[in-house]
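> Below you will find the structure I want to go over with you.
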Amino acid sequence: MDQAIIRPIVYYEFLQGHSARTAAANICAAFKKDVVHHSTVSRWYKRFAAGEILFEDRQGSGRPSEWNDERLLSALQMQPNATSQELATTIGCTHTTVIEHLQELDYRSIFSRWVPHELRLSDKTNRMHVAESLLLRPHRKELLEDIVTGDEIWVLYVNYTRKRHWTAREGKPTTEPKADLHEKKVLLCCWWDCGGMIYWELLDSGTPVTVTVYANQLQKVADVMRELRPKRLNVFLLHDNARPHVANVEARQKIMELGWEVLPHPAYSADLAPSDYHLFRALKNHLSGKKFDERRQVENGIDHFFSSQPPEFWKRGIEKLPERWAQVIDNNGDYIVD
């Protein structure tokens with residue numbers, strides 16, 4: 001539909017004090033079809049607020065018309081992970097023009113978010129209860145200083161770069177299921193605290209993490225900590241309680257033997273695990289695009305990453321926990337997408 005017809009109606013909605021979303025909904029309802037997007041209305045609102053009351057296309061701007069904006073939004077719906085160059089080819093303009101208009105339409109380019117599990121109501125309720133209990137614990141500063149968090153992640157010999165996709169700023173990133181990767185890889189097992197990396201090791205892909213292996217790893221962590229943190233009296237272990245080798249009686253007995261306390265951690269909650277939301281995210285960025293031919297190269301790449309991080313990096317990862325616990329409550333137990 002000719003946008004010159006729509007703009008005066010948008011201006012009327014603007015004068016009525018309606019929001020851009022409400023205005024777009026009203027106009028589309030009146031025409032009984034999607035004739036304008038709320039992001040386009042929002043852009044016109046900004047022009048009206050600046051005193052630019054113009055109902056015709058601006059001449060000589062070098063920008064695509066409003067019709068092209070709608071085509072651009074349509075193209076994004078069909079292929080949200082398209083590059084600016086691919087979108088430019090689709091609508092017939094330069095990729096810089098695409099980027100300018102996407103930014104003007106309040107869109108941003110982000111990586112797809114991966115979620116490990118579709119949360120049920122009981123999962124969300126449990127996440128809120130655990131988050132609330134942790135926020136109510138006394139001596140928070142000391143608690144955070146005494147947390148030791150452990151986790152695992154597969155590290156590939158060939159690390160592909162994930163594509164970005166465009167999404168509206170007020171919208172959540174699209175999610176992707178975890179890939180079932182069969183490439184050559186090793187399992188990184190690591191434990192760290194606000195003072196830095198404590199202990200890490202690599203396991204070949206054919207080596208299962210049994211409860212015995214895990215118990216031995218915990219003993220190694222304790223041995224290293226006695227050297228690195230000789231004055232530490234308390235250890236609050238934060239790990240994924242849902243993994244079989246972690247939930248096993250033998251593992252719990254080992255933790256009791258070491259005199260550690262396990263912090264509650266709700267199932268399917270990688271967004272509350274510092275390794276997932278902080279350490280591994282940075283590690284993946286470091287390894288992105290890198291190719292390793294042998295295990296020693298993988299070890300060197302990981303070791304270089306760990307040793308090059310400043311003290312603030314490790315401290316920041318742990319100190320984000322209270323903020324994320326509170327965010328889970330604000331989200332009614334749903335995932336934190338950031």
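> When you go through Gln327, Gln309 one by one, which is the residue that is under 18 Å from Gly196 (Cβ atoms) and surrounded by 15 or more Cβ atoms within 10 Å (Cβ to Cβ)?
Result of the check over Gln327, Gln309: Gln309.
> Restricting attention to the stretch 13-28, which residues are at pLDDT below 90 and charged (D, E, K, R)?
Within the stretch 13-28, just Arg21 meets the criteria.
> Continuing with the same structure: Return the pairs, sorted by first residue and then second, in which the second residue is part of a loop (DSSP other than H, G, I, E, B) and at pLDDT below 95, the first residue lies in the stretch 316-338 and is closer than 25 Å to Glu142 by Cα, the beta carbons are less than 7 Å apart, and the residues are 6+ apart or on different chains.
Final answer for the pair search is Arg324/Ile336; Gln327/Ile336; Val328/Ile336.
> Which ones in the stretch 115-158 are under 15 Å from Phe236 (Cα atoms), in a helix (DSSP H, G or I) and charged (D, E, K, R)?
Residues satisfying the conditions are Arg140, Lys141, Glu142, Glu145, Asp146.
> Continuing with this model, one more query. Give Gln253, Gln297, Gln309 a once-over and let me know the one that is more than 16 Å from the chain's Cα centre (by Cα), not hydrophobic (A, V, I, L, M, F, W, C) and not in a helix (DSSP H, G or I).
Within the list Gln253, Gln297, Gln309, the selection yields Gln309.
> Could you check, for the stretch 293-316, whether at least one of its residues is assigned by TED's automatic domain parsing to the domain that holds Leu202, within 18 Å of Ala131 (Cα to Cα) and not aromatic (Phe, Trp, Tyr)?
no
> A further question on this structure: Filtering the stretch 210-259 down to residues that are farther than 19 Å from Asp276 by Cα and among the polar types (S, T, N, Q), which residue is surrounded by the most Cβ atoms within 10 Å (Cβ to Cβ)?
Gln217
> Quick check: is even one residue across the stretch 164-180 touching an Asp or Glu at 6+ places or on another chain (Cβ under 8 Å) and at pLDDT 95 or above?
no
> Further question on the same structure: Only one of Arg252, Arg243 is modelled with pLDDT of 90 or more and of a type in the set (D, E, K, R); which?
Arg252 is the lone residue from the list that is modelled with pLDDT of 90 or more and of a type in the set (D, E, K, R).
Yes/no matrix, rows are residues, columns are (1) within 28 Å of Arg137 (Cα to Cα); (2) in a loop (DSSP other than H, G, I, E, B); (3) of a type in the set (Asp, Glu):
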{"residue": "Met197", "(1), (2), (3)": "yes, no, no"}
{"residue": "Asn216", "(1), (2), (3)": "no, no, no"}
{"residue": "Arg232", "(1), (2), (3)": "yes, yes, no"}
{"residue": "Asn241", "(1), (2), (3)": "yes, yes, no"}
{"residue": "Tyr268", "(1), (2), (3)": "yes, yes, no"}
{"residue": "Phe280", "(1), (2), (3)": "yes, no, no"}
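> Something else: Can you find, within the stretch 25-46, the residue that is farthest from the chain's Cα centre (by Cα) among those that are of a type in the set (Gly, Ala, Ser) and more than 18 Å from Leu102 (Cβ to Cβ)?
Ala30
> Quick test for you: out of Asp204, Asp276, pick the one residue that is surrounded by 16 or more Cβ atoms within 10 Å (Cβ to Cβ) and among the acidic types (Asp, Glu).
Details: Asp204 fails: surrounded by 16 or more Cβ atoms within 10 Å (Cβ to Cβ).
The unique qualifying residue is Asp276.
The values are calculated or read from the model by the stated rules, or taken from the named source; none is laboratory data. It should be emphasised that the depicted structure is a prediction, and the values quoted were computed from it without experimental measurement. Cβ: placed from backbone, ideal geometry, glycine included. Neighbour counts: every protein chain shown.
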